[in-house]
Amino acid sequence: MGLLEGFAITARQHRFFGGERVTNEYSGGRTRDQHDQKEAKPDRVHGRHVLNRYEDGMEKCIGCELCAGVCPAKCIYVRGKDNDPENPTSPGERFGFVYEINYLRCIHCDLCVEACPTEAITESKLFEFSFTNRKDAIYTKAELVVGDDGKPQQMPWEDWREGDDKNTSAWMRATAPAGAAEYEGQVGWSGELGYGVRAPEPAQPERDAAPKSVRAVGR
Amino acid sequence: MDLLHGCPTGDSRGQATVFASVEQYLPLVKKLADDGYNMCSDLTAVDYLTHPGRALPEGVEAKRFELVVNLLSLDDRKRLRVRVQLEDGQSAPSLFDLYPGTEAMEREVFDMYGIAFTNHPDLTRILMPEDWDGHPLRKDYELGQIPVQFKQVNS
Amino acid sequence: MFALDPLLTGDVTWGDFGVVAVKVGVSFVVLLVATMFMVWFERKVIAGMQNRIGPNKAGPFGLLQTLADGTKLFFKEDLLPERADKFVFRLAPYLSFVPAFLAFCIIPVGGDFSNGNAGRVKLFGHSTLLQVADPPVGMLLGLALSSIAVYGIMLAGWSSGSKYPLLGSVRASAQMVSYEAALGLSVATIFLLAGTMSTNGIVSGQGSLRNWNIVATGVVPFVIFLLAATAELNRPPFDLVEAEQELVGGFNTEYSSIRFALFFLAEFMNTMTMSAIIVTLFLGGPQPISIGSWTADVHLGPFTGTFWFLAKVLVFLYIYIWFRATLPRLRYDQLMDLGWKILIPIALAWFMALAGLKVAQNAGWSGGAQALGMVVGAAIIFACFGLLRMATKVSARVRAEEGAMF
Amino acid sequence: MGLLQDVLDEGFSGIQHNFITAKLEDLVRWSRARSSWPASFGLACCAIEMMATGAAHYDISRFGMEVFRASPRQADIMIVAGRVSQKMAPVLRQVYDQMMEPKWVISMGVCASSGGMFNNYAIVQGVDQVVPVDVYAPGCPPTPETLIHAIETLHGLIETGELLKRRSASGSGANVHVEAAPVPAQPVPVMLGTR
Amino acid sequence: MSLVQQTNEGGQELGARSELTAKELLREVGSVLRMSEAEAAALALDEIDPTTDQTMIINMGPQHPSTHGVLRLMLELQGETVLRCKPIIGYLHTGMEKTAEQLSYMQGGTNVTRMDYLSPLNNELVFSLAVEKLLGIEGDIPERAVWMRMLLSELNRMSSHLLFMATNGMDLGAVSMMIYGWREREQVLRFFQKVTGLRMNHNFIRPGGVAADLTPGWRDDVLSILEEVEPRLDEYDVLMTGQPIWRERLQGVGVITQQEAIALSATGPTLRCTGLPWDLRRDQPYLRYDELDFDVIVGSYGDAFDRYAIRLNEIRESIRIVRQILERMPSGDYRIQDKKVTPPPRARIDESMEALIHHFKIFTEGFKVPEGEVYVAIESPRGEIGCYIVSDGTSTPYRMHMRAPSFVNIQCLPHMMRGGLVADAVAVISSVDPVLGEVDR
């Protein structure tokens, strides 16, 4: 009878009757307990930006303003400046002197990352942050640029967990941005990141490999 | 040049187009409705203020506004676009009696471009508040951008 | 057979008075606390049915969630809408809150019903019933109080001075009035069998599983009572009164702070009370499950009955939550149809059939004659049912022709 | 009487802490942080993620927040989820005014916080021009985890007592006038309007 | 002062019946039925005597739990019966068509994807198809990109319809259905997040192809979604479709005839529920839908239940389509190798000055699109979504207009609701499944 069959459906979702609890107990990092953890994020996730440096500490940004130009929300502000020849900030001729991102405007479309010719700006996996005032939301270069160990800086209003700072280069290394199959699996960068570099994704034959296993659905 | 019900036709990237003046507009659409174009899938307008020199077939005089009506024949699976040239301040007849579904679309065009439709049953603003000044999609209407906040601005 | 509380027979001493006071106090506190856990229970169970966790941050397992809700609401700003009828607006929450408590007074929440004890237990040296009061017209009092609760909801909606609450209160009054009848008719079958309206008496008569009224009255009145009670409680799928998707908040849209908390509590308290009434009426209240000579035994002294009572109530609370998790909400006219065209006729027919059977038994008819009477009765009922269906169909057609909805 | 005057001026918070009021205040803060019912103010994309936060995978009910109240009278937190158009702004303010004290606002998503990528005539450039905002959640839309972070940030502020009183509207939407100053030799942050 | 006068706020609102001209009434009740003005005037006075006005005008929205965002409906009620209804929109007007004129074709995806936020990939798809048609490269899109677009848009159709299942259940009071719908949708979103990096508003399908290739192991991911969703749909059937209360609530509610639906330009499930098998995927095929085997689901009564059942079965059809796509996904490029449209390969930037210049040009000013205008329509989960673009030869559209299915379908509401109850109104809104971001743009 149609009226009563539904009761079996709702009841059997319960853990005690063979159902499965799907909730991930992330609780904002305010009260930490053993359950409080983020779900593992896929590599390509667009999160908070970082400004990368070469392994020798030089900044990658050359102040070309491509990211600012391509941003649909116009939330990036860059001003370049000529390097001091004695004490250069970046290996090129110019460097990003002012670099600001307004996170109250950023839509995380990652066009800036695609546009950057030197892979200076990439995105970490961190998306758990919130602000109590507008000032915190405007990140300057001081906050965006990675530390000496190559790891992103952690602001008090951000909730970093294990793995969030890794693979910041994932979106760009996922695939060939030109969409040419022959370039798949090739990074095509002259300089390497110091920390959390992601190996490029494999080329198409591996991507399209036949399914190995399909998880049986617990019901 | 082919004529369809006395109106010049065109072809835009393989899509059939017919050009009508305001006077021809309603009779033309009536005939097209009889021809089997039983659905008006879209009605919109374009303001050609800053792009006057567009390609038009002979005999069609470019005016500031253009009313674009996309008709669809469900039986023949055909689409036809009617383009109507309008001066600023000129009003067009409403298609409401032929296609009641154009009611909201015409209101939207009125709201966004200020093109009035005669015989429209309820020509009021639809998207903007009633007391709004101006018609936002006109080319002479500013986007209304404000500067983005940064801590250190030099622009 | 009046099973009067032995405490109140003879002279009433200060000690007796003290026992009554303790009973009142304890039942007040227990009901309040139980309601709080009921809210928690509902949220947890429904979360479980939806693959979720439910509240778990306030206290261990979120047990104190309702305390947090209550405290927060208590310290929230209160509001009297300008267009409200001030006096009625203030009065309404109490009208729905107080009856919920009072109705609980007549419920035997425990007691020893074995060996003809009729629910008496020894407490502090006094022999007493484990219920606050046992008036001879107990169930009538219960029904009366549950209808008073309607006024709370109705007046709350009416006095708010805005439209959604008004619609909610109109729905409430119609809904409650219609289901009251079905509720009363199904209870009447029990009066017929038990021969008393005293709750204690009704429970005493349900010694073994075969005597439980759910079996003795033939299940149908129980089902009708369950449905009608759900409607009386405004529980889903009959929660039209506060249907959030339709009426925003229904009757309590304009209420905030402690007044809203009272409605909130009253709703859950009513659910508890109604579950308790169902258990009392149909499932033998505090009586243990016993089939023939076998009895499911737990030994908890004077509180054995309470254990059974709570276990049974819990089942019904779960059923109410299950309803909510599973069923879509009925529409207003469907609700009316269900009440007037299905529940009331069936309840009435069943009542008549049982009454006939009782008369036949009293008159000492033979088994064959009883069976024949049943068949004739059934035939008449079916004929009446057919006529009713025809009538509703014809009137539906007429209404459709006239283009009216009702 | 100093105490009386304090109470008359500031209500509960005017009472100096003694062991009763301190405990009571702790209890109130605790309960407000554990049971903040959101008003459903879903507008656009963010509303979808807000509902996803209430769904099984993220389950906002863990914080006692699954009670999305349709009636603003009973709600504590207004989550402005999505872009607020000029036509919607008066409604937003009205709903905010209909909410009872204490009340808090989370501006969810960049469109609500500053207009986001829609820097144009139709969108209010920051809801803090209309209502006082306590927490801003970035992202377009923020993921449910970001929203949970924002909610917990707010709960933290409530529980530590930083946010017990009504905030006055800051009026500091994106429309704040920033003086165009020449870039100094050393970057010095320009202070925006303070609260 | 009567309640009617208090809520009559002028202009866009529903007028009081006593002040109503026959013509206004004609629009509200009789436009599709081709009622004459005299008939409409008679109707105005027929049921209700304006002097003893017993009706009540009630505002549903713009903030109301069941209006799917910020739709505002003014309902004139007599008791609980809806006499007239007027949808008032614009509360989410975002100026996207104006914004589109500022963004280049390459950035445009970020804008259009936010219109119909429940099926962002379909929006990007129609925008990309229109731009490609203007560029004249619609035939040169690599096969893999085409099939990836189909895969993503079908998965998106699934997620959108799953959300409809959830909200429809919620609106009718089935709270668990709400959660179940979201639970399944979450699986699809997680796949999107894996591939595009974002859960919603992806900006992934772009003119010329798609932004990135699929992730390794995508077949497993997609298959596990399908394996999970398919049995769940049977659960929905038990929980909802077979539920007598559910059927009672939806059957015969919000009926629209085929003639009315065509006259009101309704598309998608709103048109198909009347029995007209009109699905652009089959009737005006785009991408490679003509090579796929799928059914167009139609209803026969035109009521809310048909619309529900169509969507439920369209999820099944989408699953069927996705299975076929899984088998046939070709390999190769996934963006057109046209230097003017696609940025050069990263590895070439360091070697070739020309590549660097192309890179800079594309990311600063975008690519130029030849003059012209096109209208391209595809089948989104809600109906025909059309993109009309006028190009003046620069790298930003001169005018971009979206024909939003919800915007048009919402006009059916007054006709569907007339004579129903308030509870039916809720069911009707939810069965049309409008997305307000798309309605107001």
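Overview of values
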{"item": "Mean-position separation - Cα centroids, the stretch A:139-155 and the stretch D:99-149, in angstrom", "result": "26"}
{"item": "Sequence-distant residues sharing a close amide H with residue D:55 (under 5 Å, placed H)", "result": "D:60"}
{"item": "Residue C:235 long-range amide H proximity, modeled H, under 5 Å", "result": "none"}
{"item": "FRET efficiency, 1/(1 + (r/R0)^6) with R0 41 Å, evaluated for residue B:133 and residue C:80 via beta carbons", "result": "0.55"}
{"item": "Residue A:162-residue A:82 pseudo-label distance in nm [points 7 Å out on the Cα-to-Cβ vector]", "result": "5.1"}
{"item": "Base-10 log of normalised Debye intensity for the stretch A:24-74 (one unit scatterer per alpha-carbon) at q = 0.15 Å⁻¹", "result": "-0.74"}
{"item": "The stretch E:206-235 and the stretch C:65-97: distance between their alpha carbon centers, rounded to Å", "result": "50"}
{"item": "Inter-chain Cβ neighbour average for residues B:44-53, partner chain, 10 Å", "result": "4"}
{"item": "For the stretch E:176-274, alpha-carbon Rg relative to the globular expectation (2.2 N^0.38 Å, N residues)", "result": "1.47"}
{"item": "Euclidean distance between Cα centres, the stretch A:7-42 to the stretch E:324-403, Å", "result": "41"}
{"item": "Using alpha carbons only: equivalent-ellipsoid semi-axes of the stretch C:182-298, gyration tensor based, whole Å", "result": "34, 15, 12"}
{"item": "Residue E:227 paired with residue C:29, simple spin-label distance in nm, labels 7 Å along Cα-to-beta-carbon", "result": "5.6"}
{"item": "Greater than 29 Å apart at Cα, pairs in A:151/E:339; A:151/E:194; A:125/C:44; A:141/E:368", "result": "A:151/E:339; A:125/C:44; A:141/E:368"}
{"item": "Cα gyration tensor category, rounded, prolate or oblate, for the stretch D:44-120 with a/c compared to 1.5", "result": "oblate"}
{"item": "Estimated vicinal HN-Hα couplings, Hz - the stretch A:86-94 in sequence order (Karplus 6.51, -1.76, 1.60; Gly, Pro = x)", "result": "6, 9, x, 8, 10, x, x, 7, 10"}
{"item": "Chain C - Rg (one decimal) and Dmax (whole number), Cα, Å", "result": "22.8, 73"}
{"item": "Tail fraction, Cα-Cα pairs, the protein assembly as shown, threshold 42 Å, whole percent", "result": "51"}
{"item": "Kyte-Doolittle mean at least -0.5 and Cα axial length at least 18 Å: DSSP H helices in chain E", "result": "E:120-135, E:143-171, E:175-196, E:304-328"}
{"item": "Debye log10 I(q)/I(0) at q = 0.08, 0.14 Å⁻¹ for the stretch E:70-223, Cα point scatterers", "result": "-0.31, -0.82"}
{"item": "Taking B:130, E:124 and counting other C-beta atoms within 10 Å, the order from fewest to most", "result": "B:130, E:124"}
{"item": "Pairs of Cα atoms farther than 30 Å apart, chain E, %", "result": "47"}
{"item": "Cβ-based exposure ranking for E:321, C:148, in which fewest neighbours within 10 Å come first", "result": "C:148, E:321"}
{"item": "Two-decimal Rg to Rh for the stretch C:330-406 - Kirkwood Rh, Cα set", "result": "1.17"}
{"item": "The stretch C:11-85 shape via C-alpha gyration tensor axes, a/c threshold 1.5", "result": "oblate"}
{"item": "Prolate/oblate/rounded label for the stretch C:282-360 (Cα gyration tensor, a/c 1.5)", "result": "oblate"}
{"item": "More than 21 Å apart - percent of Cα-Cα pairs taken over the stretch A:39-145", "result": "34"}
{"item": "For residue E:84, distant residues with modelled amide H under 5 Å away", "result": "E:76"}
{"item": "Proxy reagent accessibility, fewest Cβ within 10 Å first, across D:45, A:106", "result": "A:106, D:45"}
{"item": "Of A:55, A:65, A:206, the one that fluctuates the most in a GNM where chain A has Cα springs shorter than 10 Å", "result": "A:206"}
{"item": "Share, in percent, of DSSP beta bridges within the stretch D:37-159 that are antiparallel, nearest 5", "result": "5"}
{"item": "Chain B - Debye-derived log10 I(q)/I(0), Cα point model, q = 0.09, 0.11, 0.20 Å⁻¹", "result": "-0.34, -0.48, -1.32"}
{"item": "Under 12 Å from the residue A:5 label point (7 Å along Cα→beta-carbon), backbone N, the stretch E:243-281", "result": "E:243-244"}
{"item": "GNM result for chain C, Cα springs below 10 Å: residue of C:241, C:315, C:187 fluctuating most strongly", "result": "C:315"}
{"item": "Cα→Cβ-extended label distance, 7 Å offset, between residue E:352 and residue C:148, nm", "result": "9.0"}
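Here, each number is a calculation from the coordinates, and none is a lab measurement. As the structure is a computational prediction, the values presented were derived from the model and not from experiment. Neighbour counts are summed over all protein chains in view; Cβ atoms, including those assigned to glycine, are modelled from backbone coordinates with ideal geometry.
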